[in-house]
Amino acid sequence: MKKARRALLGRSLKPVRIACINYAEETISGRKMAKLTAALQKCYDKHFLPVWGYPVDLYVTRKPKPTDWQLVYFDDASHRNMLGRHELTHRGQPISKIFVKALGDEPVSVAASHELFEMVLDPMANLWADKNPNTQYAYEVCDAVEEDSFRVSGFEMSNFVYPSWFEPFRHPPGTKFDHKGTLKEPFSMTEGGYVIKKVNGRKVIKAFGSPEKRRRFKAEDRRGHRSEFRDPQGEHHPGRRAAKRRG
């Protein structure tokens, strides 16, 4: 499998190692963590990698290497290990977080695949795509279709958009804009999706696929989510320096 991934992209591009760390031991057993991580790897290799082309190697550990990126599961945003974590690890590497208790009825695999896909394509959460001279869309690949999923190895995985979704020009008939083929044009969204837009280079706003989605979104605990780092008014979890000062 590793050889196949490298052959697809050329031998010069080595997979990024992503450490999967489970602090949500109340809800995710060690056995489930192993199965979930294997399913995420299979989903990534079979569905995401051929479209976007960034190979990764996921592995479960409690002691990540200094160069690892991280996919970390917490019970909630008040977990003691949240202290000092921001959008980067203390070594400056990308990190994504899943808050299991805040998911409600959403399968943890959907949230995990969502965070994994988006971290790989925009690890700093700072990329934007131009729709027109006055409007930019955040380079988030799951938000627009985030309540849609497909099954891999018994786990539900998040739908995601294709590169064509970020391209404002006219596309040939039959072009796919998301993996499930639901969307029909760039920068569109499902009724259960949302998008983050920057207007006139300054104002950051969220738009929703339906009034019901807006209500559900506002009821969520968004602390620590990568999407909040794009918004100057977002609920950011304090970074290392703030945490140290408070302590």
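The values are calculated or read from the model by the stated rules, or taken from the named source; none is laboratory data. Worth saying up front: this structure is predicted, and the values here are computed from it rather than measured. All Cβ positions, even for glycine, are placed from backbone atoms using ideal geometry, and neighbour counts span all protein chains on display. For the accessible areas, the whole protein counts, side chains as well, though only heavy atoms, and no ligand, DNA or RNA atoms are used. Shrake-Rupley method; radii C 1.70, N 1.55, O 1.52, S 1.80 Å.
Here GLU191 clears all of (1) in a loop (DSSP other than H, G, I, E, B); (2) at pLDDT below 95; (3) over 17 Å from LYS131 (Cα atoms) except the condition numbered (2).
Taken over the stretch 1-44, the criterion of being open to solvent by less than 20 Å² (accessible area, probe 1.4 Å), in a helix (DSSP H, G or I) and either under 13 Å from ALA112 (Cβ atoms) or at pLDDT 95 or above (or both) is satisfied by MET33, LEU36, THR37, ALA39, LEU40, CYS43, TYR44.
A quick yes/no check of all residues on (1) of a type in the set (A, V, I, L, M); (2) closer than 25 Å to GLN70 by Cβ:
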| site | (1), (2) |
| --- | --- |
| VAL120 | yes, yes |
| PRO123 | no, yes |
| LEU127 | yes, yes |
| PRO133 | no, no |
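Per-residue answers, yes or no, for (1) modelled with pLDDT under 80; (2) over 26 Å from ARG151 (Cβ atoms); (3) surrounded by 16 or more Cβ atoms within 10 Å (Cβ to Cβ):
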site	(1), (2), (3)
PHE177	no, no, yes
LEU183	no, no, yes
VAL195	no, no, yes
PRO211	no, yes, no
ARG222	yes, yes, yes
SER227	yes, no, yes
ASP231	yes, yes, yes
ARG241	yes, yes, no
ARG246	yes, yes, no
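Of PHE169, PHE187, all but one fail to be closer than 24 Å to ARG216 by Cα and not β-branched (Val, Ile, Thr); the exception is PHE187.
Restricted to the stretch 108-175, the set of strands (runs of 3 or more DSSP E) holding at least 1 residues that are surrounded by 23 or more Cβ atoms within 10 Å (Cβ to Cβ) comprises 135-138, 155-158. Can ASP68 be described as of a type in the set (D, E, K, R), open to solvent by 40 Å² or more (accessible area, probe 1.4 Å) and modelled with pLDDT under 95? No: the conditions fail for ASP68.
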